[in-house]
Amino acid sequence: MDKRFKHTLVAFKICPYCMKVLTVMCHKNVKFEIKFIEMHNKPDWFLKISPLEKVPILIIGEEVVLFESAAIMEYIDEITPPKLMPDDPMQKALDRAKFEYSNEIIKNLYQFIFCTEQDKFVKLKEWLIKRFQQMDEWLKDKKYVNGLELSLVDLNFVPVFVVLNMLKPILPCDMLKDNKKLQNYGESLTSLPCAKTGRVPDYEFLMIDGIKNQNTVLFRSNPCYFNGPKSSRCCFFGK
Amino acid sequence: MDKRFKHTLVAHKICPYSMKVLTVMRHKNVNFEIKFIETHNKPEWFLRISPLGNVPILIIGEEIVISESAAIMEYIDEITPPKLMPQDPLQKAIDRAKFEFSNELIRNLYSFIFSTEQEKFIRQKEWLIKHFKWIEEWLKDGRYINGNQLSLVDLNFVPLFVALNMLKSTLPCDLLKDFKKLQIYGEVIISLPCSKTGRVPDYEFLMIDGIKNQNTVLYRSNPSYFNSDYKPQRCCFFRS
């Protein structure tokens with residue numbers, strides 16, 4: 001990798017798209033700095049350089065700003081061979097479509113988690129379960145989406161399984177309970193070293209805090225969990 | 001291109017993301033079939049194969065389905081050299097980010113066009129004008145975003161300028177009035193042959209119909225335009 005250019009990732013602590021990029025950067029052992037900013041109080045310097053005012057952005061050197069998690073991930077992959085993306089154009093296209101698919105799942109999963117209305121909560125849950133059934137079909141009996149080898153598309157799903165893991169004791173039923181393949185896949189992903197180092201140590205606590213403070217359906221359906229002592233899941237962040 | 005596989009594009013007639021893909025396929029002279037489906041009445045066979053129920057999708061042969069306009073466009077580009085995408089990883093990443101930027105712009109433009117609430121209409125207009133500034137900056141002095149050669153990123157902006165052109169006579173003021181470079185760029189983009197053949201001939205009429213039937217702010221602010229029998233002069237817009 002060209003060391004002339006400093007790489008600075010700008011992120012929110014609980015942003016799942018930032019988590020994707022962080023995961024890839026940790027997997028590839030990229031040297032970089034990270035700057036966290038507040039979602040509800042974005043600094044002016046950030047708004048001046050991020051075309052859609054979103055995170056993550058990757059600042060390269062002094063001036064070049066990359067935005068969009070998919071673009072950043074493919075860039076990091078290409079400059080740190082061997083590549084995790086396939087070479088075949090069709091396979092690449094299939095994988096890239098799945099990047100966007102994972103974005104939709106993540107978006108709906110976060111909406112589900114922070115949902116304040118019961119009806120919407122139920123609808124989102126049904127939508128998610130349907131998508132998990134779809135994923136089950138792609139996975140078949142493979143360890144990873146494309147077979148035995150990890151590819152870039154797998155790292156896109158890390159935030160999904162990190163979140164599902166976090167939700168396990170909170171939800172009355174496991175969303176993956178009928179889905180053995182997806183459970184196994186989730187465990188393969190969350191046990192990758194980069195899946196552990198690819199997020200801030202206080203990710204789970206910040207999420208739980210948000211779930212509680214926003215008076216979500218999740219909180220209202222299980223207040224003791226949120227108000228109780230620190231869960232045994234501290235070990236979640238043990239290396 | 002590998003002719004063993006039939007390419008079928010599934011699209012909606014006024015879908016701007018479908019238009020992007022169609023534009024690239026025309027530019028690259030790809031042999032393909034096209035199937036149009038209805039937004040509000042998606043057929044079962046489609047819902048079974050499109051992972052998120054969205055268009056466009058590209059069916060290759062009998063079984064392979066590629067969804068997401070950006071993925072389809074890069075695929076088409078790669079199988080029909082010379083490529084419109086740059087080689088350099090950093091430049092590719094910059095361009096890919098702009099694909100998504102163009103998606104956001106198009107989404108907000110359509111939201112603006114079909115807006116039924118005055119306040120939302122105004123907010124969307126402000127958002128659009130604020131974000132046009134970025135493209136204006138990217139354009140620098142070249143004819144296209146990456147200089148004097150057309151690249152894949154330019155074709156991503158075709159639907160934006162097609163829609164803006166259509167709007168010119170319906171809006172009291174031109175959204176691009178303060179953006180000289182963007183006006184010139186827009187004209188270059190919509191005069192590309194693929195930009196004309198990359199959409200259905202009735203695109204504009206379907207859009208105008210939708211604007212009227214959904215009782216949009218646009219319609220309410222200029223009903224005579226939408227109700228007149230006078231076919232707009234831009235019929236010539238669709239000539240090859």
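The values are calculated or read from the model by the stated rules, or taken from the named source; none is laboratory data. Nothing here was measured: the structure is a model prediction, and the numbers come from that model. In this analysis, Cβ positions are derived from the backbone assuming ideal geometry, glycine residues included, and neighbour counts consider all displayed protein chains.
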>> Looking at the range B:159-206 only, could you name the residues that are touching a helix residue (DSSP H, G or I) at 6+ places or on another chain (Cβ under 8 Å) and small (Gly, Ala, Ser)?
In response: B:Ala163, B:Ser169, B:Gly186, B:Ser195, B:Gly198
> How about the range B:66-91: which of its residues are facing chain A (nearest Cβ under 7 Å) and farther than 19 Å from B:Ile106 by Cβ?
Replying inline: B:Ile66, B:Tyr75, B:Glu78, B:Ile79, B:Pro89, B:Leu90
> Among B:Ile59, B:Ile72, which is the only one that is among the β-branched types (Val, Ile, Thr), in contact with a strand residue (DSSP E or B) (Cβ under 6 Å, 6 or more places away or on another chain), surrounded by 22 or more Cβ atoms within 10 Å (Cβ to Cβ) and not assigned by TED's automatic domain parsing to the domain that holds B:Leu150?
Replying inline: B:Ile72
> Which ones in the range B:92-118 are more than 9 Å from chain A (Cβ to nearest Cβ), surrounded by fewer than 16 Cβ atoms within 10 Å (Cβ to Cβ), in a helix (DSSP H, G or I) and in contact (Cβ under 8 Å) with a residue 24 or more places away in the chain?
Replying inline: B:Gln118
> Looking only at residues in the range A:37-60 that are touching a residue at least 24 places away in the same chain (Cβ under 8 Å) and either in a helix (DSSP H, G or I) or more than 21 Å from B:Glu100 (Cα to Cα) (or both), which one is farthest from the chain's Cα centre (by Cα)?
Replying inline: A:Phe46
> Could you list, in sequence order, the residues of the range B:137-174 that are part of a loop (DSSP other than H, G, I, E, B) and either within 14 Å of B:Tyr185 (Cα to Cα) or within 15 Å of the chain's Cα centre (by Cα) (or both)?
Replying inline: B:Lys140, B:Asp141, B:Gly142, B:Arg143, B:Ile145, B:Asn146, B:Asn148, B:Gln149, B:Leu150, B:Ser151, B:Asn156, B:Phe157
> Where residues in the range A:63-82 are surrounded by fewer than 19 Cβ atoms within 10 Å (Cβ to Cβ) and touching a residue at least 24 places away in the same chain (Cβ under 8 Å), which of them is farthest from B:Pro86 (Cα to Cα)?
Replying inline: A:Thr80
> With (1) under 24 Å from B:Arg107 (Cβ atoms); (2) among the basic types (Lys, Arg); (3) without any contact (Cβ under 8 Å) to a residue 24 or more places away in the chain as the list, and A:Lys20 as the residue in question, which single condition is left unmet?
Replying inline: (3)
> Has the range A:86-97 got any residue that is in contact (Cβ under 8 Å) with a residue 24 or more places away in the chain and over 20 Å from the mean Cα position of the chain (by Cα)?
Replying inline: yes
> Looking at A:Phe121, A:Phe114, A:Phe132, which one is of a type in the set (Phe, Trp, Tyr), in contact (Cβ under 8 Å) with a residue 40 or more places away in the chain and under 14 Å from B:Pro51 (Cβ atoms)?
Replying inline: A:Phe132
>> The conditions are (1) buried (at least 18 other Cβ atoms within 10 Å of the Cβ); (2) closer than 19 Å to B:Ile113 by Cα; (3) β-branched (Val, Ile, Thr), and B:Ile135 fails exactly one of them. Which is it?
In response: (2)
> So which residues in the range B:32-53 are touching a helix residue (DSSP H, G or I) at 6+ places or on another chain (Cβ under 8 Å), surrounded by 14 or more Cβ atoms within 10 Å (Cβ to Cβ) and within 11 Å of another protein chain (Cβ to nearest Cβ), if there are any at all?
Replying inline: B:Pro51, B:Leu52
>> Cβ-Cβ under 6 Å, sequence separation 6+ or interchain: first residue in the range A:201-220 and without any contact (Cβ under 8 Å) to a residue 12 or more places away in the chain, partner not hydrophobic (A, V, I, L, M, F, W, C). Which pairs?
In response: A:Phe219/A:Lys212
> Are there any helices (runs of 4 or more DSSP H) wholly within the range B:6-86 with 3 or more residues that are in contact (Cβ under 8 Å) with a residue 12 or more places away in the chain, and if so which?
Replying inline: B:16-27, B:69-79
> Which of the residues belonging to the range B:127-173 are acidic (Asp, Glu) and either touching a residue at least 12 places away in the same chain (Cβ under 8 Å) or away from chain A (no Cβ under 14 Å) (or both)?
Replying inline: B:Glu136, B:Asp141, B:Asp154
>> Need the failing condition index for B:Asp178 against (1) over 19 Å from the mean Cα position of the chain (by Cα); (2) surrounded by fewer than 14 Cβ atoms within 10 Å (Cβ to Cβ); (3) modelled with pLDDT of 95 or more, just the number.
In response: (3)
>> Residues to consider are A:Lys92, A:Lys123; find the one that is among the charged types (D, E, K, R), more than 9 Å from every other protein chain (Cβ to nearest Cβ) and assigned to a helix (DSSP H, G or I).
In response: A:Lys123
